[in-house]
Amino acid sequence: MKAMLALLFFLLPWAAHATEYEVYYILQKGFIDIEGKTNFFDFQGRALKHEGKLIEENDQYRGKIILHFSELDFNLPGVLSVLEDEDYINAKKYPEITINLENFVPSTKPRKVQSLLSLRGTVRPITIATRFEYFPPVVQVEGDFVIKQSEFGIKPYSKGLVDMQDELNISFKVFFCEIHEGDDHSYHKNDAQAFAELFKKENIHVLSKKDFFGCRELKGK
């Protein structure tokens, strides 16, 4: 019995390392848009830069997308000062929108993904309508959802005659790229035509060399 326990103790660290674990880093391609309305006009902001990654563990993926208010380019002047208003978003104190994607499998192309959205210090569950393309080493995710600001403890902005509507539409197309250093990557099999069309359309360059498999952007080229 003691010998068996000793053997199990010896094997446990090995078993922990046997878990398949991959990281996909977000590329600065695609877009993240925020759209809203007031009683007089519509407005839109597009992310100039975003952060995020996917973690794959035992064929289940989870991910995070981070959007900074300071990196939004709106089609109206003065929007950042509105976002920084302490009675509204208070973007200086809460500078990010964080989208946490829960367990999913890209290769099954799920049409919906459960998520947690963090906004102004409040976290709430949301459901994102999604469209996936999965061509290792790249996962392309398109998604859209609607949130009500009031559900995050935010009173829609109002000043003078202008009143903002409660709902915001958020849509995105993002790309995550898996990278490996120093491995044999011959095991990656793709639909060659679809693979080529996707990367030509989106201007993503994949490198597959003896010492590297991933995307050109991640090599700083």
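If you find the alpha carbon centre of segment 69-91 and of segment 100-153, how far apart are they in angstrom? Cα centres, segment 69-91 to segment 100-153: 23 Å.
The calculated P(r) of segment 21-182, using every Cα pair and 5 Å bins from 0, goes 2, 8, 17, 22, 18, 13, 9, 6, 3, 1, 0, 0, 0 in percent.
Where a number appears in this text, it was derived from the coordinates with a stated rule and is not lab data. All values derive from a computational prediction rather than experimental measurement.
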